[in-house]
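A short worksheet on the structure shown next.
Quick note: the coordinates plus some simple rules give every number you see, no bench work behind them. Just so you know, these numbers come straight off a predicted model, no measurement behind them. Glycine also receives a Cβ, built like all others from the backbone with ideal geometry; neighbour counts cover every protein chain displayed.
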Amino acid sequence: MRFRIVSLGCPKNLVESEYMVGRLCSAGHTVSDDGDTIIVNTCAFIAEAARESIETILEAAREPGRKVVVTGCLVERYGEELAGLLPEVDAFVGRSRYGEIERVIGKSGLHLGKGGFSETFPRQVLTKPPTAYLKIQEGCDNRCRYCTIPAIRGGLTSRAEKDVIGEFRWLLDQGYREINVIGQDITSYGKDAGREQGLTGLIRSLLKEKGDWHLRLLYMHPKGITEGLIDVMGSDARVIPYLDVPIQHSEDRILSLMGRGHTRAYLEETLAMMRQRIPGAVLRTSIIVGFPTETEEEFEALLSFVRRHQFDMLGAFMYSREEGTAAYRMKGQIRKGVKRDRYTRLMETQVEISRTRLADLLGKTVKVIVEDVGASPKVGRMLTQAPDIDGVAFVNGACSEGDIRDGKVVKTLDYDVVVEV
């Protein structure tokens with residue numbers, strides 16, 4: 001069989017796509033852009049993502065002579081409903097069946113099972129060197145009241161530390177030098193297995209590996225951040241000083257309604273602690289606007305919080321009312337127009353912050369990853385910009401794809417920079 005895979009959604013989904021590709025290729029199948037089978041690995045975290053997944057499936061089904069196989073979160077969330085809704089699809093494969101994907105992919109129908117999927121190795125990495133993802137856990141026990149993840153991916157399941165270290169070494173052997181540690185909330189790593197050191201202990205173990213590589217930690221829930229973890233991050237220059245801490249909101253009443261498990265005062269203390277212990281760290285967050293009953297005064301307080309803490313990067317989302325979540329039943333749902341207005345005002349605030357903070361880099365030397373030399377100008381990222389979610393660095397000078405180079409920032413924009421290597 002010749003196949004191609006379309007991976008939608010988050011990096012965690014991408015790693016599962018890589019696992020499926022690895023298994024299929026090991027079984028003698030071949031990846032090909034004009035393959036006879038199209039696998040669509042879907043996202044269904046919010047309604048907009050589910051719509052994109054369905055549109056992608058229908059687009060694939062319009063290609064003549066192609067067999068369409070659907071995997072991922074859409075299958076987990078809607079299960080048997082999909083067979084009637086999407087008769088164009090030949091097979092639906094649940095995440096618990098990925099370990100036998102080479103066997104079930106040739107069978108039509110719905111292939112579900114109990115439990116989730118947590119293994120990520122062996123795999124065929126689909127990102128370009130030097131960048132790869134290292135998934136250390138699956139599922140989540142936080143139970144934020146707006147979130148569908150526990151229903152889709154189940155409770156927290158941490159991988160064994162020896163397996164994570166083994167895959168980390170394998171990635172380094174394959175030439176990957178920017179390793180992004182991912183999970184639903186990596187600060188909870190090991191809690192399901194009673195590991196006292198958890199993420200902090202894992203990072204210490206990874207830092208024992210020799211070599212010129214860089215480690216980035218993605219998605220750290222504020223309530224799981226400790227002084228010990230931040231000190232370990234600051235103890236080795238190979239850990240990128242990039243703090244990805246989604247706060248979602250700043251006001252106590254909304255944080256409580258969201259089920260975030262912390263207060264504004266805790267956020268204030270944690271943000272101050274992180275910047276004190278890692279001077280010059282880049283801080284990224286995400287925020288939800290228009291959560292049920294959010295008042296104009298609470299939103300204005302959120303804007304003030306953002307202005308005061310000057311996040312280097314900020315992703316904003318309009319609250320999406322998702323069936324099956326506790327927030328779905330809440331009274332006081334906010335009108336879409338109000339949510340859109342608040343989103344716009346938040347991003348207008350953030351672009352000024354981003355522009356000012358990037359301007360401080362003018363004339364300074366930064367490390368940049370070169371990703372596309374075919375573009376004009378060449379495109380890459382500063383090491384303090386995460387792949388796909390942050391801005392980019394436009395690169396001047398002789399370089400090759402995959403290089404990690406020192407360069408001088410010669411111009412700054414709203415979210416991007418120009419670097420001379």
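Can you pick out the pairs among K210/K367; K210/K378; K12/K331; K128/K210; K223/K331; K223/K378 whose Cα atoms lie more than 29 Å from each other?
From the list (K210/K367; K210/K378; K12/K331; K128/K210; K223/K331; K223/K378), the Cα-Cα distance tops 29 Å for K210/K378; K12/K331; K223/K378.
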**Item:** Counting DSSP beta bridges with both ends in the range 131-359, the antiparallel % (nearest 5)
**Value:** 10
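Filter the GluC sites (Glu not before Pro) in the range 209-287 to those in DSSP coil with at most 10 other Cβ atoms within 10 Å of their Cβ, and list the result. Present the calculation step by step, with values, prior to reporting the outcome.
Working: sites: E209, E227, E251, E268, E269; in loops: E209, E251.
Listed in order of number, the matching sites amount to none.
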**Fill in**
Taking Rh as the Kirkwood radius computed over alpha-carbon pairs of the range 131-359 and applying Stokes-Einstein at 37 °C with viscosity 0.692 mPa s, one gets a diffusion coefficient in µm² s⁻¹ of 175
**Fill in**
Comparing G407, G166, G94 in a Gaussian network model of the chain (Cα, 10 Å), the one with the largest mean-square fluctuation is G166
**Message:** So if I take the alpha carbon set of the range 320-421, get Rg, then get Rh from the Kirkwood formula, what is the Rg over Rh ratio?
**Reply:** 1.19
**Asked** For the chain, modelled as a GNM with alpha-carbon contacts under 10 angstrom, which of T148, T56, T285 fluctuates the most?
**Response** T56
**Request:** Please work out whether the range 93-179 counts as rounded, prolate or oblate from its C-alpha gyration tensor, where a ≥ b ≥ c are the square roots of the eigenvalues and a/c under 1.5 means rounded, while otherwise a/b larger than b/c means prolate and anything else oblate?
**Result:** oblate
**Message:** Please give the Cα centre distance for the range 268-336 versus the range 99-130, rounded to the nearest Å.
**Reply:** 34
**Item:** Whole-angstrom gap from the range 376-421 to the range 59-79, using each part's C-alpha centre
**Value:** 36
**Message:** Which three extents, in angstrom, do the Cα atoms of the range 263-394 have along their principal axes, listed largest first?
**Reply:** 50, 37, 26
**Asked** Between the range 1-47 and the range 136-168, how many Å separate their Cα centres?
**Response** 21
**the range 215-332: proportion of alpha-carbon pairs further apart than 26 angstrom, %** = 23
**Prompt:** Percent antiparallel among DSSP beta bridges with both residues in the chain, to the nearest 5?
**Reply:** 30
**Message:** Which of the three applies to the range 2-111, rounded, prolate or oblate, going by the alpha-carbon gyration tensor with a ≥ b ≥ c and a/c under 1.5 meaning rounded?
**Reply:** rounded
**Request:** Starting from the Cα gyration tensor of the range 1-67, take the square roots of the eigenvalues, sort them a ≥ b ≥ c, and report rounded, prolate or oblate (rounded when a/c is under 1.5, otherwise prolate if a/b is larger than b/c, else oblate).
**Result:** oblate
**Fill in**
With Cα springs under 10 Å, the Gaussian network model of the chain assigns the largest mean-square fluctuation among G183, G211, G198 to G211
**Message:** If I stretch the segment between K210 and D192 completely, what's the gain in nm (0.36 nm per residue apart, minus their alpha carbon distance), one decimal?
**Reply:** 3.5 nm
**Fill in**
Computed Rg/Rh for the range 283-344 (Cα atoms; Rh = Kirkwood radius) stands at 0.99
**Enclosed volume per residue, in Å³, of the convex hull spanned by Cα atoms of the range 365-420** = 71
**Request:** Find, to one decimal place in angstroms, the Kirkwood hydrodynamic radius of the chain, where the mean of 1/r is taken over every pair of different Cα atoms and then inverted.
**Result:** 22.7
**lysines with Cα under 25 Å of K107, excluding same-chain neighbours fewer than 8 positions away** = K67
**Message:** Less than 12 Å apart at the alpha-carbon level, and either on another chain or at least 8 residues along: which aspartates and glutamates does that give for K411?
**Reply:** D360, E420
